[in-house]
Amino acid sequence: MAKKIYLDYAATTPIDPRVLQTMLPYFKGEAFANTMSLHNFGRKANQAVEESREAIAGMIGAKTGEIIFTSSATESNNLALKGIGFANKERGNHLIISQIEHDCIVESAKWLENQGFWVTRLPVDRYGFVSPKDLEKEIREETILVSVMHANNEIGTVQLIEELGRICREKGVYFHTDAAQSFGKLKIDVNKANIDLLTASSHKIYGPKGAAMLFVRNGVKIEPLLHGGGHEGGLRSSTVNVPAIVGFAQASKICQKEMKEENERLIKLRDKLIKGVLTNIPGSYLNGHPQNRLPNNANFYLDFIEGESLIMQLDFGGIAASTGSACSSAKLEPSHVLLAIGLKPQQAHGSLRLSPGRWTKESEIDYVLEVLPKVVEKLRRISPFKKLDQQKSG
Amino acid sequence: MSRLGPYTEKAIAHFRDPHNYGRIKNPDGVGKVGNPVCGDVMHLYIKVGKNKKGKEIVAQVKFETFGCTAAIATSSVITDLAKGKTLEEAVKLDRQDIVSSLGGLPPVKLHCSVLAADALLEAIYDYLGKNKKEIPKDLRLRHARIEREKKEVGKRYKDWVKIEEEFYKE
């Protein structure tokens, strides 16, 4: 039987059957209705959403009313940047982000620049860390928001979030963090880390697509993007996607309950993968920090390899992975994250992300370690650049 | 035609099992080109022979390519297309010939087909130049354009190219 190994959990996850089960009653029967309706049907739906809100708030130390449900992390991040920008124009027009944010932050910031805001993009070191000192230097009188992602989606580096939050609090600037990759995988306490806004998503943690949230600390001034019937405290009008939110909450609960054991298991798999690749493939290097990284992220660059052909060759072997190569992007540009950590364009060309997850078995990692070196060798045989490899291995 | 993701089955077949890859020892002509759009690099080697009518033909052809699925597939298919053709015919092979022999390419990958056509042209140009043969004007013009683009890509890969050159000197 042909193998099918999914190592792209950082892109999206399949739904956990336990999550799916809890969602089903909310599609029909008595709990499908509009949460804004006063009748019994509406109240049942509303109750389910409020219980979900409570569960998710509890995971990060937030108050129930501080969670705004949205449709995606992209929406949450748009709401955070644009909503804070427009609500706080009188206070200032300067935002700070990092150079390794997700496209939805990058593009929202760019859009705000066109609307008259100023944006500073903090550099990162070779591991992808934002320096707290740099942040401190860049905050000025007009700064209203700092947005630095908790864990990077490509290279997996986990920021020193508490230090960054402390600086923002001292300077009286709102601090937003995109935790789409870390929520449910790492412990987050919005009070300890002085986080004012936080983005999390359901489909990265074995919940359904179409549900996400933005934590907005009480007292933070923010404008909605969607105006209408006044759902979500007026911050996000739209008929509420009850089953998806119920699923999101259930997925969060499972992650919280299983976090410790699951992380231990994933770190073992991740480190086996990293060690295996680095020892068995000449001209292979790890991107991101060796320890301070997501439990389920391994990211490499390989000399003389172009990422898209590597992904295709791995796919022939039944392995699903991803790359930051220019050839795989619609814009034909290498990943801005890899360039920000100092990789040259040709090195970013040969990047490979393998992200294991809840159903990854050790035997699958072994299989990848068997197939990957062969595929790399094959592509190097075709490539005009290959001799470094042969020199190294004698 | 059926497809695998954005690629046709034919493109995938060439990528999976490329024809004529590698180097030719003591080639008569070498074409080294780079793609300024995405950074792909292709080397193409030819041996020139003669057909029954005494006309010069591409007798042997091999390639080495650093690049995506489309770059490798177009490299493979141009070697098939060029083999056995007279030099006159071979320089006329263009991106359209390459794209149609693959049954199409995703729009974002069409630039890859230029790379393959350029590499063949450069190899023939190299052969004609080395052997002091007359080079038609349109060939000279195309060569000048390719040279400009190569410079740009060359900057990106200068570290690797140096390693390659030193290796072959030994």
* Scan (1) touching a residue at least 60 places away in the same chain (Cβ under 8 Å); (2) surrounded by fewer than 23 Cβ atoms within 10 Å (Cβ to Cβ); (3) away from chain B (no Cβ under 14 Å) for the single condition A:Asp271 breaks and write down its number. => (1)
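Hey, among A:Glu170, A:Glu154, which residue is charged (D, E, K, R) and part of a helix (DSSP H, G or I)?
One residue alone meets the criteria, A:Glu170.
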* To do: Can you run down the residue pairs with Cβ atoms below 6 Å, 6 or more apart or on separate chains, where the first is in region B:78-98 and at pLDDT 95 or above and the partner is aromatic (Phe, Trp, Tyr)?
  => B:Thr79/B:Phe63
* Could you please find all residues in region A:1-32 being surrounded by 19 or more Cβ atoms within 10 Å (Cβ to Cβ) and at pLDDT below 95? => A:Ala31
* Would you be able to say whether some residue in region A:306-320 is within 15 Å of A:Pro356 (Cβ to Cβ), of a type in the set (Val, Ile, Thr) and buried (at least 22 other Cβ atoms within 10 Å of the Cβ)? => yes
* Structure fact -> B:Met1: passes all of (1) modelled with pLDDT of 95 or more; (2) in a loop (DSSP other than H, G, I, E, B); (3) over 28 Å from B:Pro136 (Cβ atoms) but (1)
* Asked: Condition test on A:Ala62, is it modelled with pLDDT of 95 or more and under 17 Å from A:Asn218 (Cα atoms)?
  -> yes
* **So A:Asp271, is it farther than 25 Å from A:Met149 by Cα and in the same structural domain as A:Phe385 (by TED's automatic domain parsing)** => no
* Just one of A:Leu286, A:Leu314 is in contact with a helix residue (DSSP H, G or I) (Cβ under 9 Å, 6 or more places away or on another chain), in contact (Cβ under 8 Å) with a residue 12 or more places away in the chain, away from chain B (no Cβ under 14 Å) and closer than 30 Å to B:Gly67 by Cα; which is it? -> A:Leu286
* The lone exception for B:Lys62 - which of (1) within 14 Å of chain A (Cβ to nearest Cβ); (2) in contact (Cβ under 8 Å) with a residue 40 or more places away in the chain; (3) over 19 Å from B:Val30 (Cα atoms) it fails -> (3)
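The values are calculated or read from the model by the stated rules, or taken from the named source; none is laboratory data. These figures come from a predicted structure and were not determined experimentally. Cβ: placed from backbone, ideal geometry, glycine included. Neighbour counts: every protein chain shown.
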